[in-house]
Amino acid sequence: MITIQDLFESHLTVADLDRAVKFYGERLRLPLARVFPERRAAFFWIGEPGKAMLGLWETGSSPQRLSLHVAFTATLQEVLAAPKALRDAGIAPLDFDGAPTEEAVVLGWMPAAAVYFHDPDGNLLELLSMLEDSPRPEAGVVPWSRWVEIGRQ
């Protein structure tokens, strides 16, 4: 069998491609790789060009919509700073349960720090940083400040 090494590309459906291109390009500052107007699709580089990409496909305003999820890797410092940075960009930072948050959460079983938010089409986006700590599945999903406190005990 072939060994899968990494994920190169993921796709999301959007109602309005132009609106989505503005959100991902201007607000999230992803570098635009290419727009295919005839196919109503756009691609953005994730990280260094040629390493990974995100595809956006316009579906129009159909009443049947999908809400998909994509997690983006970031440094721990960026994940911890993300709630403020997202608010400054007019984007509501969310915790694991979808409630507004002032801080990152930690998924104890991995462990990883994460912050969630929605794009204009309701797709759930995540900024995630794997932690060097040992997994603590018994901790569940906790705010960053609680994770640090548990680590001191």
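Residue check: is THR59 among the hydroxyl-bearing types (Ser, Thr, Tyr), surrounded by 14 or more Cβ atoms within 10 Å (Cβ to Cβ) and closer than 25 Å to ALA89 by Cα?
Values: among the hydroxyl-bearing types (Ser, Thr, Tyr): yes; surrounded by 14 or more Cβ atoms within 10 Å (Cβ to Cβ): yes; closer than 25 Å to ALA89 by Cα: no.
So THR59 fails the test.
Name the single residue that is nearest to ALA74 (Cα to Cα) among those in the range 14-53 being among the β-branched types (Val, Ile, Thr) and open to solvent by 40 Å² or more (accessible area, probe 1.4 Å).
ILE46
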- Query: Only one residue in ASP6, ASP95 is under 30 Å from PRO137 (Cβ atoms), open to solvent by 100 Å² or more (accessible area, probe 1.4 Å) and either in contact with a helix residue (DSSP H, G or I) (Cβ under 8 Å, 6 or more places away or on another chain) or touching a residue at least 40 places away in the same chain (Cβ under 8 Å) (or both). Which one?
  - Reply: ASP6
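Residue by residue, here is whether (1) acidic (Asp, Glu); (2) within 30 Å of ALA15 (Cβ to Cβ); (3) open to solvent by 20 Å² or more (accessible area, probe 1.4 Å) holds:
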site	(1), (2), (3)
ALA114	no, yes, no
LEU127	no, yes, yes
GLU138	yes, no, yes
TRP147	no, no, no
- Note on the structure: Residues of the range 90-112 being within 22 Å of THR13 (Cα to Cα) and either out of contact with any strand residue (DSSP E or B) (no Cβ under 9 Å at 6 or more places or on another chain) or hydroxyl-bearing (Ser, Thr, Tyr) (or both), in sequence order, are GLY90
- Message: So, in the range 126-145, how many residues would count as being free of Cβ contacts under 8 Å to residues at least 24 places away in the same chain and charged (D, E, K, R)?
- Response: 2
- Could you list, in sequence order, all residues of the range 1-22 that are closer than 16 Å to HIS69 by Cα and either aromatic (Phe, Trp, Tyr) or in contact with a strand residue (DSSP E or B) (Cβ under 6 Å, 6 or more places away or on another chain) (or both)? PHE8, GLU9, SER10, HIS11, LEU12, THR13, VAL14, ALA20
- Applying the selection to the range 62-87, what residues are part of a helix (DSSP H, G or I) and surrounded by fewer than 19 Cβ atoms within 10 Å (Cβ to Cβ)? LEU76, GLN77, GLU78, LEU80, ALA81, LYS84, ALA85, ARG87
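Criterion first (assigned to a loop (DSSP other than H, G, I, E, B), surrounded by fewer than 18 Cβ atoms within 10 Å (Cβ to Cβ) and out of contact with any helix residue (DSSP H, G or I) (no Cβ under 6 Å at 6 or more places or on another chain)) does GLY90 satisfy it? Step through it out loud before you land on a result.
Values: assigned to a loop (DSSP other than H, G, I, E, B): yes; surrounded by fewer than 18 Cβ atoms within 10 Å (Cβ to Cβ): yes; out of contact with any helix residue (DSSP H, G or I) (no Cβ under 6 Å at 6 or more places or on another chain): yes.
Yes; evaluated as a whole, the condition is true for this residue.
The values are calculated or read from the model by the stated rules, or taken from the named source; none is laboratory data. Quick caveat: nothing in here was measured; it's all calculated off a predicted structure. Note that we place each Cβ from the backbone using ideal geometry, even for glycine, and neighbour counts take in every protein chain shown. With ligands, DNA and RNA removed, areas are computed over all heavy atoms of the protein, side chains included. Shrake-Rupley method; radii C 1.70, N 1.55, O 1.52, S 1.80 Å.
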